[in-house]
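**Q** This is the structure, below, for whatever I ask next.
The values are calculated or read from the model by the stated rules, or taken from the named source; none is laboratory data. Keep in mind that this is a model prediction, so the values were computed, not measured. Methodologically, a virtual Cβ is constructed for each residue, glycine included, from the backbone with ideal geometry; neighbour enumeration extends over all protein chains shown.
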Amino acid sequence: MKNLKLTTLGIWTQLPTLLFIIFSLGCASSAPTPDKAKAIDESVNAALGRFNAKLKGADNLVQSAKGALVFPEVIQGGAIAGGEYGEGVLRVGGRTVDYYSITAASFGLRLGDQKKDIIILFMDQNALNKFESRRDWTVGVDGTITLVTLGVGATANSIKSNQPVLGFVVGQTGLMGGISLQGSKFIKLQPAASNSQEPGGYIPPGFADR
């Protein structure tokens, strides 16, 4: 009976995270409306501004990347089971080419909700091509991301890495350490099947030729 109780307890304590994953995947299944797409792009611009403010020279680093995947204000929270969800864009040459969602779930104590910007830079063209070829991409399964953490006063010029994909997590006080992107899943928001003007028929910039 003790084993049965423990198993049942395990199911119920994990239920919030399971529901969070189901909800997040449901949200990530459709392309954003025109207003939502505009709001996402504006939030991405703000996130890149914060990135440059926290890390001197970050704008040059972003420009040198083959592509930048940016998720502004990713939400993380929950006292027993923590989950993450956010929406952002993939930019190539400074232009938005696709919209994406990020989902992740983890167990452990979370003291209040947290928001953070996640910036992923593809420094290698092959790595970017492989990412773009998939509708969904999971960290640690489909590829790896080298998370960058720097000390106080460091600049983007301090980054000496030949890794194909670099990741940055930016909080209110700067680059965050002790964060793992392992298991995070990026899903390309589905374009509409046609140019229908009905709800859900919007095709974001970059989808038209796909």
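**Q** List the pairs whose first member sits in the stretch 29-48 and is within 29 Å of residue 173 (Cβ to Cβ) and assigned to a helix (DSSP H, G or I), whose second member is at pLDDT 95 or above and of a type in the set (Lys, Arg), and whose Cβ atoms are under 8 Å apart, counting only residues at least 6 apart or on separate chains?
**A** 44/91
**Q** Inspect all residues belonging to the stretch 117-125 and state whether any of them is of a type outside the set (A, V, I, L, M), at pLDDT below 95, in contact with a Lys or Arg (Cβ under 8 Å, 6 or more places away or on another chain) and under 17 Å from residue 174 (Cα atoms).
**A** Step one: filter the stretch 117-125 for residues of a type outside the set (A, V, I, L, M), giving 117, 122, 124-125.
Still in the running and at pLDDT below 95: 117.
Now restrict to residues that are in contact with a Lys or Arg (Cβ under 8 Å, 6 or more places away or on another chain): 117.
This time we only want the ones that are under 17 Å from residue 174 (Cα atoms), so: 117.
Yes, the stretch 117-125 contains at least one residue that is of a type outside the set (A, V, I, L, M), at pLDDT below 95, in contact with a Lys or Arg (Cβ under 8 Å, 6 or more places away or on another chain) and under 17 Å from residue 174 (Cα atoms).
**Q** If we scan the stretch 129-144, do we find a residue that is modelled with pLDDT of 95 or more, in contact with a strand residue (DSSP E or B) (Cβ under 6 Å, 6 or more places away or on another chain), outside any strand (DSSP E or B) and not polar (S, T, N, Q)?
**A** Yes, the stretch 129-144 has at least one match.
**Q** If you go through the stretch 51-83 one residue at a time, how many are at pLDDT 80 or above, in contact with a helix residue (DSSP H, G or I) (Cβ under 6 Å, 6 or more places away or on another chain), farther than 23 Å from residue 97 by Cα and not aliphatic (A, V, I, L, M)? Break it down stepwise before answering.
**A** First pass over the stretch 51-83, keeping only residues at pLDDT 80 or above: 51-75.
Restricting the remaining residues to those that are in contact with a helix residue (DSSP H, G or I) (Cβ under 6 Å, 6 or more places away or on another chain) gives 51-52, 55, 57-59, 61, 66-68, 70, 72.
Of the ones still in play, those that are also farther than 23 Å from residue 97 by Cα are 55, 57.
From the residues that got through so far, the ones that are not aliphatic (A, V, I, L, M) too are 57.
The number of residues fulfilling the criteria is 1.
**Q** Can you tell me which residue in the stretch 27-72 is nearest to residue 157 (Cα to Cα), limited to those that are surrounded by fewer than 18 Cβ atoms within 10 Å (Cβ to Cβ) and small (Gly, Ala, Ser)?
**A** 57
**Q** Give me the residue from the stretch 169-188 that is of a type in the set (A, V, I, L, M, F, W, C) and within 18 Å of residue 75 (Cβ to Cβ) and, out of that set, surrounded by the fewest Cβ atoms within 10 Å (Cβ to Cβ).
**A** Restricting attention to the stretch 169-188, the residues satisfying the condition of being of a type in the set (A, V, I, L, M, F, W, C) are 169-170, 175-176, 179, 181, 186-187.
Filter again for within 18 Å of residue 75 (Cβ to Cβ), leaving 169-170, 176, 179, 181, 186-187.
Details: 169: 22, 170: 22, 176: 18, 179: 16, 181: 19, 186: 25, 187: 21.
So the residue we want is 179.
**Q** Checking residue 110 against (1) over 21 Å from residue 61 (Cα atoms); (2) modelled with pLDDT of 90 or more; (3) of a type in the set (Lys, Arg), which test does it fail?
**A** (2)
**Q** Residues in the stretch 147-162 that are farther than 14 Å from residue 68 by Cβ and buried (at least 16 other Cβ atoms within 10 Å of the Cβ): how many? Outline the logic, then answer.
**A** Of the stretch 147-162, the ones farther than 14 Å from residue 68 by Cβ are 147, 149-155, 157-162.
From the residues that got through so far, the ones that are buried (at least 16 other Cβ atoms within 10 Å of the Cβ) too are 147, 150, 154, 159.
Summing the residues that are farther than 14 Å from residue 68 by Cβ and buried (at least 16 other Cβ atoms within 10 Å of the Cβ) in the stretch 147-162 gives 4.
**Q** Between a residue in the stretch 142-166 that is farther than 18 Å from residue 54 by Cβ and any residue that is modelled with pLDDT under 90, which pairs come within a Cβ distance under 6 Å, given they are 6 or more apart or on different chains?
**A** Final answer for the pair search is 145/181.
**Q** Scan the stretch 149-169 for residues that are assigned to a loop (DSSP other than H, G, I, E, B) and modelled with pLDDT under 90 and report the count. I'd like the intermediate steps shown before the answer.
**A** Step one: filter the stretch 149-169 for residues assigned to a loop (DSSP other than H, G, I, E, B), giving 149-155, 159-164.
Those still in the list that are modelled with pLDDT under 90 too: 149-155, 159-162.
Result for the stretch 149-169: 11.
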